[in-house]
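Just below is one structure, and these are the notes that go with it.
The values are calculated or read from the model by the stated rules, or taken from the named source; none is laboratory data. Note that the structure is a prediction, hence the values are computed from the model and not measured. Don't worry about glycine lacking a Cβ; one is built from the backbone with ideal geometry, like all the others, and counts go over all protein chains shown. Heads up: the accessible areas ignore ligands, DNA and RNA and are worked out on the full protein's heavy atoms, side chains in. Shrake-Rupley method; radii C 1.70, N 1.55, O 1.52, S 1.80 Å.
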Amino acid sequence: MLATIKPLPALAINSDNFQAYGQLITPSQHGKLYDETDAQLNLKNGIPRFYIMHLEKRGRQFDRITRHCQCTQCLGALEGKEWFMAVAPPSEQNYPDLTQLKAFKIPGNCFIKLNVGTWHAGPYFDHDEVDFYNLELSDTNVVDHFTYNFLKEEHLTFEIVT
């Protein structure tokens, strides 16, 4: 059976519309004291890993979505490059709630913190390549990486559109 390609409109990200999925972290004044606008991290279940992830020619289509249930994750693009992320809120089920699946357009001057268990697909972008900084646990992609396959389970592929 052929996959149905379903358009997913990208919203311009802001703190309010991203709240169900995590936090938008934007620049703050040097010397500002720690508060709720700072990334509220949960990295207590292992050794934090902070690294630069190099990705090439990602486009905007996806047919899988992943979640991590043991930690928060932070992602941001280097060099000010715009990018996209699709997300759905954490769920008890082993699949995301499609009624709450959203895509966001993220400028290159901020980063996102995903809540524990947030379903996510991406990052995606139109550039030839983008380097992202990524903060998660050292073994997140080995022991805390559950993926739902839309193509296999529902014959769906999503395309983030603007």
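Overview of values
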| read-out | value |
| --- | --- |
| Largest to smallest accessible area among TYR95, TYR148 [probe 1.4 Å] | TYR95, TYR148 |
| Extension gain from SER138 to ILE5, taking 0.36 nm per residue of separation minus the Cα-Cα distance | 44.5 nm |
| ARG49/LEU78 FRET efficiency (R0 25 Å; Cβ-Cβ; nearest 0.05) | 0.90 |
| Among (i) 1.15; (ii) 1.01; (iii) 1.19, the entry derived from the coordinates for Cα Rg over 2.2 N^0.38 Å | (ii) |
| Among the listed pairs LYS44/LYS105; LYS57/LYS152; LYS32/LYS102; LYS6/LYS105, those beyond 27 Å (Cα-Cα) | LYS44/LYS105; LYS32/LYS102 |
| Per residue value of the accessible surface for the chain (all protein chains in place, 1.4 Å probe), Å² | 55 |
| Table column - 3J(HN,Hα) (Hz), segment 6-16, Karplus curve with 6.51, -1.76, 1.60, x for Gly and Pro | 10, x, 10, x, 8, 8, 5, 5, 8, 4, 6 |
| Of all accessible heavy-atom area on the chain, the percent that carbon and sulfur account for (1.4 Å) | 51 |
| Simple spin-label estimate for HIS155 and GLU92 in nanometres, 7 Å along Cα-Cβ | 3.1 |
| Virtual spin-label span in nm between TYR34 and ARG64, 7 Å along Cα→Cβ | 3.5 |
| Sparsely packed chymotrypsin sites (Phe, Trp or Tyr not before Pro) within segment 16-80, loop by DSSP, other Cβ within 10 Å at most 12 | TYR34 |
